[in-house]
Amino acid sequence: MEESERHTEATPDADTAITDLYTAHYARLVRLAALLLRDESMAEEIVQDAFVALHRRWRKLHDPSKAVAYLRTSVVHGTRSVQRRRQVAERNQPGPQPDAQSAEQSAMAGAAGEAVVEALRALPPRQREALVLRYYGGLSESEIAAAMKISNGAVKSHASRGIAALRPLLESWS
């Protein structure tokens, strides 16, 4: 007997056996998978994959009475695989994104930032340095004094005068 003839003879037996197993055990296996996963559609998919795998391996199955055990094991392994993929996806999921500004808010912020930069350019160099180091650099008064090589009182004076000069330049943005 040729290989193709043996294959056609084995296929009807496999088809019949798988159909009988499917009829008798499908619902129970889906319930098992659904209980393990808490997702009925994924459970159905796993059970169907188990039946397809059994059909493919039918000729290699030494004891057809162990087919149900094979299916059950395949279903349990399939659910574990899905759970592992879910855990990996959850671990690698990016954190929540901050609320994005609307296009209008972004444009306004950009324009306001440009207005502040332009207003800062209009200030005398020492006032500009004091304000930039304080508000953009986040430095303390004594750190600014050390960076500019001036006294703490001079830092206060330059910053105060700089803010006073910026107010009229930026009133339209408030």
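The values are calculated or read from the model by the stated rules, or taken from the named source; none is laboratory data. All figures in this text were calculated on a predicted structure; none of them were measured in a lab. Neighbour counts run over all protein chains shown; Cβ positions are idealised from the backbone, glycine included. These accessible areas exclude ligands, DNA and RNA; they are computed on the full protein's heavy atoms, side chains included. Shrake-Rupley method; radii C 1.70, N 1.55, O 1.52, S 1.80 Å.
Rolling a 1.4 Å probe across all protein chains gives Glu45 an accessible area of roughly 100 Å². Can you compute log10 of I(q)/I(0) for the stretch 109-174 with the Debye formula, treating each Cα as one identical point scatterer, at q = 0.20, 0.26 Å⁻¹? So the normalised log intensities work out to -0.74, -1.09. A crude spin-label estimate for the pair Val52 and Ala164, with each label 7 Å from Cα along the Cβ direction, gives 8.0 nm. Take each peptide in 142-154, 46-58, count the other Cβ atoms within 10 Å of every residue, and average; sorted highest first, the result is 46-58, 142-154.
Of the listed residues Thr79, Thr73, the order by accessible area with a 1.4 Å probe, largest first, is Thr73, Thr79.
Of the listed residues Val117, Val76, the order by accessible area with a 1.4 Å probe, largest first, is Val117, Val76. Note on the chain: Kirkwood hydrodynamic radius from all Cα pairs is 23.2 Å, rounded to one decimal. Helix 103-121 and the longest principal axis of the Cα set of the chain meet at an angle near 30°. In plain terms, the chain from His77 to His62 could stretch by 3.3 nm, reckoned as 0.36 nm per residue minus the Cα-Cα distance. Rounded to the nearest 20, the size of the Cβ-charge dipole of the chain about its Cα centre is 1080 debye, with Lys and Arg at +1 and Asp and Glu at -1. Ellipticity at 222 nm from helices only: DSSP H runs of n ≥ 4 in the chain, each -39500 (n - 2.57), divided by the residue count, give -25500 deg cm²/dmol.
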